[in-house]
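The values are calculated or read from the model by the stated rules, or taken from the named source; none is laboratory data. Since the structure is predicted, the reported quantities are computational estimates derived from the model, not experimental observations. FYI the Cβ positions are ideal-geometry reconstructions off the backbone, even for glycines, and counts take in every protein chain you see. The area values use the complete protein model at the heavy-atom level, side chains included, leaving out ligands, DNA and RNA. Shrake-Rupley method; radii C 1.70, N 1.55, O 1.52, S 1.80 Å.
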Amino acid sequence: SMAPVMEICHPLYGKSLVSIAQLDTDGIDSLFVAADVMKGMVKRDGSCELLKGKILANVFFEPSTRTMCSFAAAMLRLGGQVIPVNESSSSAQKGETLSDTIKCLECYADIMVLRHPVKGSAAEAAAAASKPVINAGDGVGEHPTQALLDLYTMQNELGTLRGLTVTCLGDLKNGRTVHSLVQLCATFGMKLHLVSPPSLRMPKEVLELAASRANGWANYEEHESLDAAIAVSDVLYVTRVQKERFSTTEKYDAVKADGEWDVRAHGPSRSYPQERRPRQSFLN
């Protein structure tokens, strides 16, 4: 039955999702209840007509396979339709501003998903729109829906989100999903180990934001080696070095050489690895 979903009065109903900071634990828990219902529906029926007659504009100004297809698949499985917009087909090529693009697209769609290379672009789009905008990644800012999916995976695999120890490994400076995930982990009181080369450490402003929304949370340690952290971790969360965020190939290669780990040499039996794709050579 779709009734449990229809009865949920969620604080995000009809609103944009720009940052993970918009959700507290109750809001996240209710989203996961809806996700469980949807998961069962897809397994049982394949699709439904919950969003019949509704249109999603999938607005992607950066290359994407998984995120773009996941939003399109979700809308189609819910009975809606999708308008795809990419960086080559958009009027941004003619100099149109993001705000004007969004104002135009909302005339054709009921909701918009935005992927953009500039941090803060999702907030700009949401401010310009009178219909909901979902942030599918804004530069090195956030990726709230991917982080929610990763948190949902942790809950499904481990049975709880309380009391976990999570190690985040890789490009913590430029990885937008891990910026959102840290805030989620703080909200649920998790212990974090942050492993990266010195030049790719988690930005202090992300940690400060996590602390501000989780009663002063500061339960984290920073490392350059995986050795100490992985043995005490329930989850190993791996994010690639973000090649597209470097101005030259030489700068990327210099950092990548410092950021290679052999996860197989550690491998605790109780650790559930989560690997952010696309996969690159820094992870063995």
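Extent of region 1-153 along its three principal axes (Cα atoms, max minus min coordinate, largest first): 47, 30, 27 Å.
Solvent exposure of region 167-213, expressed per residue, is 26 Å² of accessible area, with all protein chains present and a 1.4 angstrom probe. The distance from the alpha carbon centre of region 171-244 to that of region 108-151 is 21 Å, rounded to a whole number. Residue-wise HN-Hα couplings along region 65-70, as the Karplus relation 6.51 cos²θ - 1.76 cosθ + 1.60 with θ = phi - 60° gives them from phi, are 10, 5, 5, 4, 5, 5 Hz; Gly and Pro carry x. For the set Asp24, Asp138, solvent exposure ranked by accessible area (probe 1.4 Å, protein chains only) runs largest to smallest as Asp24, Asp138. In terms of Cα atoms, the Rg and Dmax of region 152-195 work out to 10.4, 30 Å. Cross-link pairs exceeding 30 Å in C-alpha to C-alpha distance, out of Lys39/Lys173; Lys39/Lys131; Lys15/Lys119; Lys94/Lys119; Lys52/Lys173; Lys103/Lys204, comprise Lys39/Lys173; Lys52/Lys173; Lys103/Lys204. Given their separation in residues at 0.36 nm each and the Cα-Cα distance between them, Thr97 and Thr25 gain 22.4 nm when the chain is fully extended.
Using amide H atoms built in the peptide plane, which far-off residues or other-chain residues are under 5 Å from Ile111 H to H? Here Ile55, Ala57 satisfy the definition.
Using the Cβ-Cβ distance between Lys39 and Thr249 with R0 set to 35 Å, the FRET efficiency works out to roughly 0.30. A full extension of the chain between Lys131 and Cys107 corresponds to an added length of 7.7 nm, given 0.36 nm per residue minus the alpha carbon distance.
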